[in-house]
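Below is one structure, written out as structure tokens, with a few remarks after it.
The values are calculated or read from the model by the stated rules, or taken from the named source; none is laboratory data. These numbers come from a predicted model, not from an experiment. Heads up, the Cβs are rebuilt from the backbone with ideal geometry, glycines too, and the neighbour counts pull from every protein chain shown.
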Amino acid sequence: MSRMDSQFSNTRQDILYRFAFRLLGNREDALDVLQDVLEKLWKKRQSVEGYKSIEALSIKMTRDLCLDRLRQKSMKVEKLKIIKNSDSLLEPYAAPGEGWFYSNTNYVILGEIINKATSTTVSHQLKSRFFEPLGLHNSYFAMEELLPSQLAHGWFDITRDGSFEDISLLPETGIYSVLGAAAAIFSTAEEIAIWCSALFRGNVISSQGLQRMLDPISIYPGSTDIRCGMGVFLISSNNSTGVELIGYTGRTFGYLASMFYIPETDASVVVLINSDDSELLDSVTSDIMVAINED
């Protein structure tokens, strides 16, 4: 019997349940949190065995999940209030169509618009409009869907002291609710490559929509060969890979991604890394592009 098995008798589980119920005041919510804690501990049982007190860890996880659930209940309304009252909205970076600046806020608002306009959810729209027609069965919107148990653990320097921590031990809702419709999609490299090819071949949105997406709006700040379309980079062949690229990169807590389409060879390249190491991502992506170009 492992240490985790021995420390999680029915009595211990009852302690966690009562602790969760005291914080949440709701039986169903408390049971859900208890189930989440036990599931997380079981999935990570090998790394958890190294803790001095699994009981103390489970109490902390239960508390964090409860507080996270309480925050989530008012998250959407509060999020929009913050956006509405933000001083940064008073002075736009540029007039419409005359400048470029990355903003997650746009995508967060877009997610709320989707919910309101369709009377459904972002996950439903993603699946019915894109994932299912393209056969993407391993792609999920983390805010609203249960993620599969076999996920690569993300590693992130949370305390900014140079050491990386396993973020999968942190409350998932707290992380993904920050991202919302901007970056809370989980997928595989294979399925993202399928998406990339379908999108830039014109099989996802209308030809007019794709043309608007690929029309350059501005030059990426500090660059001479990267133009910015609508949610996409247009990179000339003057880059280190020697080929024209269309795509984007992504970064969130513990994970990095790059997705690029090569028009010359009709190839899509996707690199996923479960660590916050942008130099490694750039290096691997560039090496793959060079190899494809040489072939």
Count - residues of region 146-188 that are outside any loop (DSSP other than H, G, I, E, B) and either among the small types (Gly, Ala, Ser) or under 25 Å from residue 268 (Cα atoms) (or both): 8
Which numbered condition residue 238 misses (of (1) surrounded by 19 or more Cβ atoms within 10 Å (Cβ to Cβ); (2) modelled with pLDDT under 90; (3) closer than 22 Å to residue 285 by Cβ): (1)
Breaking point among (1) of a type in the set (S, T, N, Q); (2) in contact with a Phe, Trp or Tyr (Cβ under 9 Å, 6 or more places away or on another chain); (3) free of Cβ contacts under 8 Å to residues at least 12 places away in the same chain, for residue 138: (3)
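Residue by residue, here is whether (1) loosely packed, with under 15 Cβ neighbours inside 10 Å; (2) of a type in the set (Phe, Trp, Tyr); (3) in contact (Cβ under 8 Å) with a residue 12 or more places away in the chain; (4) in contact with a His (Cβ under 6 Å, 6 or more places away or on another chain) holds:
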{"site": "160", "(1), (2), (3), (4)": "yes, no, no, no"}
{"site": "176", "(1), (2), (3), (4)": "no, yes, yes, no"}
{"site": "183", "(1), (2), (3), (4)": "no, no, yes, no"}
{"site": "187", "(1), (2), (3), (4)": "no, no, yes, no"}
{"site": "192", "(1), (2), (3), (4)": "no, no, yes, no"}
{"site": "201", "(1), (2), (3), (4)": "yes, no, yes, no"}
{"site": "208", "(1), (2), (3), (4)": "yes, no, no, no"}
{"site": "212", "(1), (2), (3), (4)": "yes, no, yes, no"}
{"site": "215", "(1), (2), (3), (4)": "yes, no, yes, no"}
Residues that are in contact with a helix residue (DSSP H, G or I) (Cβ under 6 Å, 6 or more places away or on another chain) and either closer than 22 Å to residue 260 by Cα or among the hydrophobic types (A, V, I, L, M, F, W, C) (or both), drawn from region 155-191: 156, 181, 182, 184
Filter result (under 17 Å from residue 250 (Cβ atoms) and either exposed (fewer than 14 other Cβ atoms within 10 Å of the Cβ) or not aliphatic (A, V, I, L, M) (or both)) within region 111-135: 111, 130
Answer residue from region 266-280, given it is over 19 Å from residue 232 (Cα atoms) and in a loop (DSSP other than H, G, I, E, B) and is modelled with the highest pLDDT among those: 274
